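**Student:** Below you'll find the structure I mean.
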Amino acid sequence: MHHRTTATGANPLRRDADRARTRLRAAFALTCLLAVVTGFALGRAAWTDGQRTAEDIARHRHNVAATTIGETGYRAGDQPSSRPVTVATATWHYPSQRPHTETIPVPAGTRNGDTVRVWVDDNGSAAAAPPSQADIALNAVGIGTGTLAGIVLAGGALGAVRLRIVDARSARAWESEWAGIEPLWSGRLRPGQGAGDE
């Protein structure tokens, strides 16, 4: 009668190295799952926080009409690799009784005396526009995917180091076992073994 090995029984053909590799694969799969969950959670939190921040900023930003009072010029972009920004001196009133004159970014082709729109703060000074939905989404996606990639890369690197250690130990064990088995298998005499030795 043949006895089948139960599902919980140890496979006699599996070495410690095989079991270690299985554990490492399971650990990496768990790490990937953790990375997805963590990345999604942080991305969602960044989206919620970004929405709240944008709403707070929007309460103190006002889009008003301004009139250019000079010719356009150029200034360097915010990033070293970005294109020059078209600017012009313009004037506006905000609050209504308070005049402001500043050099602001304007669309290319703007001429002297044209009307342009400018974002200002509660004091009427030129300010950045409130973050858009696209900006908030891009930031949330960046945080989520960055977190996911970081965890996966760290887990993969750690797993690769552990796998190299397991492989090195397995190779040394194999060489040791082969040193004892190979002479019997091939009929070659082991070092120090005489012709009449068993």
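**Student:** Grab the Cα-Cα distance for residue 122 and residue 51, subtract it from 0.36 nm times how many residues apart they are, and report the gain in nm with one decimal.
**Tutor:** On the way: separation 71, 0.36 × 71 = 25.56 nm, distance 2.03 nm.
Length gained, residue 122 through residue 51: 23.5 nm.
**Student:** Assuming R0 = 41 Å, what is the FRET efficiency of residue 115 and residue 141, from their Cβ-Cβ distance, to the nearest 0.05? Please list the in-between numbers first.
**Tutor:** On the way: r = 36 Å, r/R0 = 0.88.
The pair residue 115/residue 141 has a calculated efficiency of 0.70.
**Student:** If you plug each phi of the range 91-107 into the Karplus form 6.51 cos²θ - 1.76 cosθ + 1.60 with θ = phi - 60°, what whole-Hz ³J(HN,Hα) values come out, in order, with x for Gly and Pro?
**Tutor:** Once θ is set to phi - 60°, the couplings for the range 91-107 become 10, 7, 10, 6, x, 3, 8, 10, x, 9, 9, 8, 8, 10, x, 9, x Hz.
**Student:** Could you give me the ³J(HN,Hα) list for the range 24-29, computed from phi with Karplus coefficients 6.51, -1.76, 1.60 and θ = phi - 60°, whole Hz, x at Gly and Pro?
**Tutor:** These are the phi-based 3J(HN,Hα) values: 5, 5, 5, 5, 5, 4 Hz.
**Student:** Ordering 169, 164 from largest to smallest accessible area (1.4 angstrom probe), what's the sequence?
**Tutor:** Details: 169 145, 164 185 Å².
Order by accessible area, largest first: 164, 169.
**Student:** Follow-up. Taking the radius of gyration and the Kirkwood hydrodynamic radius from Cα positions alone, what is the Rg/Rh ratio for the range 17-165, to two decimal places?
**Tutor:** Values: Rg = 24.8 Å, Rh = 19.4 Å.
With Rg and the Kirkwood Rh in hand, the quotient comes to 1.28.
**Student:** What residues qualify as long-range amide H neighbours of residue 94, i.e. H under 5 Å apart, gap of 5 or more or another chain, H built at 1.01 Å from N?
**Tutor:** The answer is 100.
**Student:** Return the long-range amide H neighbours of residue 87 (sequence gap of 5 or more, or a different chain), with a cut-off of under 5 Å between placed amide H atoms.
**Tutor:** 73, 74, 75, 106
The values are calculated or read from the model by the stated rules, or taken from the named source; none is laboratory data. These figures come from a predicted structure and were not determined experimentally. Please note: Cβ atoms are built from the backbone with ideal geometry, for glycine as well, and neighbour counts cover all protein chains shown. Only protein heavy atoms, including side chains, enter the accessible area calculation; ligands, DNA and RNA are left aside. Shrake-Rupley method; radii C 1.70, N 1.55, O 1.52, S 1.80 Å.
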